[in-house]
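Just below is one structure, and these are the notes that go with it.
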């Protein structure tokens, strides 16, 4: 009887008769045509919609009471199957959310630096908790980037913002610079989190979860500065030879990178110049309205007209400021990020060439019989596997990067076009309204003169 009651409760909740987990001894097998946890809960029970923000059920503050009210046997752990469930029509359900916020200045006798709070929320089983909060400085981000490049030399690692601001637009450590960097660091981490391979890197996990002293201890396990310098000198020499044996598909890839780098750098320079000119125009426009107000005080017959002009200028000034904000937040960061990506891509190609060059040098040594043949044959076999893996990783990541790049660039320029259309429509409507009011006023005055 007790077994029948358990089975009835399980059926009412849409679960296998064996219990909430379905994997416990005596539990029923998953339904035919389904796999893993996707067969455990029907979509209507979870009441999920298309907005991924609503899937963030793993926060420490989330009670999960609504989701568990239908079954007293349902576990409430953040790592329970509610958070792990994936439906066949939602294969890319996001399970890692990262936020970079709350920059904080630190002043010591040696240096001044900024740290950023990083909050990570996840439902992945390899994490010890569902939520982590740590503080990191720029050097920590730089360490992570280097570790990712070391572990995945031919994957396209997202770029970090420069250590110091370029083009002198803002001073270091002022509010604008800190906010710009915060957004860039936020994007950096989330691009890694969304990458199918990088997101599972162990150093990335350590970066998100370890406290400051733990991270410092982990850093000391890496190669020393002299070792890295020696590797760099050797890799440069090898890469110069590797270009000669670069396959045709990678030659085409390299040609694309060179052309892309030229074009995106030019667009970046033009965009920066446009923004600078817009800033100068905005600063002058702000002074234009108050001048008309002062003028109206000495022109009794033109008071309304001059104040109307001042009002129009003020509205156009606000519209200009809004357009500048859109330019600085939507277009400039995207363009400059891909400037940094172009530099990153050149580094990826060099690292691929280094691996290829190492293989070529071993084959050359075997051909000329400069070393033990058996040992070289074994090394060549390992290097051939390494080259094949590196090439396949780069080719797969290349297609993914190109698709993301096209989407990002298209979206940025489309948003800019819409902003411009909206801006000019607002300004045009403002001045047309002013002209209409002046025409009506002139007609009223002419009518009064007739009488």
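The values are calculated or read from the model by the stated rules, or taken from the named source; none is laboratory data. This one's a predicted model, so the numbers in the text were calculated from it and none came from an experiment. Virtual Cβ from ideal backbone geometry, glycine too; neighbours counted across all protein chains shown.
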query = Where in the range 181-278 are the helices (runs of 4 or more DSSP H), entirely inside, with at least 1 residues that are at pLDDT below 90 and touching a strand residue (DSSP E or B) at 6+ places or on another chain (Cβ under 9 Å)?
reply = 212-219
key: strands (runs of 3 or more DSSP E) wholly inside the range 56-147 containing at least 1 residues that are under 18 Å from the mean Cα position of the chain (by Cα), more than 30 Å from residue 174 (Cα to Cα) and at pLDDT 50 or above   = 96-107, 112-122
key: Complete set of residues in the range 286-316 that are under 30 Å from residue 267 (Cβ atoms) and surrounded by fewer than 18 Cβ atoms within 10 Å (Cβ to Cβ)   = 286
task = Check residue 272 against each of (1) surrounded by fewer than 11 Cβ atoms within 10 Å (Cβ to Cβ); (2) under 27 Å from the mean Cα position of the chain (by Cα) and name the one condition it does not meet.
result = (1)
